[in-house]
Amino acid sequence: MTDDDIFGVVLWTTDIPALADFLVDIAGMELEQRIPGYASLLVDGVRISLHADETFRGHPWYDALTREGVARGIGAELRVRVEDVGGAYMRALRRGALAIEAPWDVDGTRECQVMGPDGYLLTLWQPSLL
């Protein structure tokens, strides 16, 4: 985080490169930095920080995650506007994402949902092309 950040998100991950590359390719995020154990991405001025699990060894969640093996993303949904929902959906499936909802139209938007690395749920959306 920098002094200019008003809001940011930290995602724990078992595989920094896999999650970073997925978010760049599928959600159109900009890779700002990637070093061992850490990456930062930007989406519309919001910084998404990826931390390797080992960064939080002293945190109570660390033991639960390693012991129980639950998905890090459980209970969270990342909603990201993309240029082409259908294209992003197909790229996500080719990268091994789990299809949750194929593209559909609702309330003036076209959306889809995929589950990516470490169980992070992404809702990808764009304004409907009506």
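Here is a yes/no grid of residues against (1) within 19 Å of F7 (Cβ to Cβ); (2) in contact with a helix residue (DSSP H, G or I) (Cβ under 6 Å, 6 or more places away or on another chain); (3) without any contact (Cβ under 8 Å) to a residue 60 or more places away in the chain; (4) of a type outside the set (S, T, N, Q):
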{"position": "P36", "(1), (2), (3), (4)": "no, no, yes, yes"}
{"position": "R47", "(1), (2), (3), (4)": "yes, no, yes, yes"}
{"position": "L50", "(1), (2), (3), (4)": "yes, yes, yes, yes"}
{"position": "G73", "(1), (2), (3), (4)": "yes, yes, no, yes"}
{"position": "L98", "(1), (2), (3), (4)": "no, no, yes, yes"}
{"position": "W104", "(1), (2), (3), (4)": "no, no, yes, yes"}
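Which one is surrounded by the most Cβ atoms within 10 Å (Cβ to Cβ) among residues in segment 102-130 that are within 22 Å of V10 (Cβ to Cβ) and β-branched (V, I, T)?
Among residues in segment 102-130 that are within 22 Å of V10 (Cβ to Cβ) and β-branched (V, I, T), the one surrounded by the most Cβ atoms within 10 Å (Cβ to Cβ) is V114.
If a residue must be touching a Ser or Thr at 6+ places or on another chain (Cβ under 9 Å) and under 16 Å from E77 (Cα atoms), how many such residues does segment 7-46 contain?
First, pick out the residues of segment 7-46 that are touching a Ser or Thr at 6+ places or on another chain (Cβ under 9 Å): 8-12, 19-20, 31-34, 37-41.
Restricting the remaining residues to those that are under 16 Å from E77 (Cα atoms) gives 8-12, 19.
Here the count works out to 6.
Since every read-out is calculated from the coordinates, none of them should be taken as a lab result. Bear in mind the structure is a predicted one, so any value in this text is a computation, not a measurement. Glycine also receives a Cβ, built like all others from the backbone with ideal geometry; neighbour counts cover every protein chain displayed.
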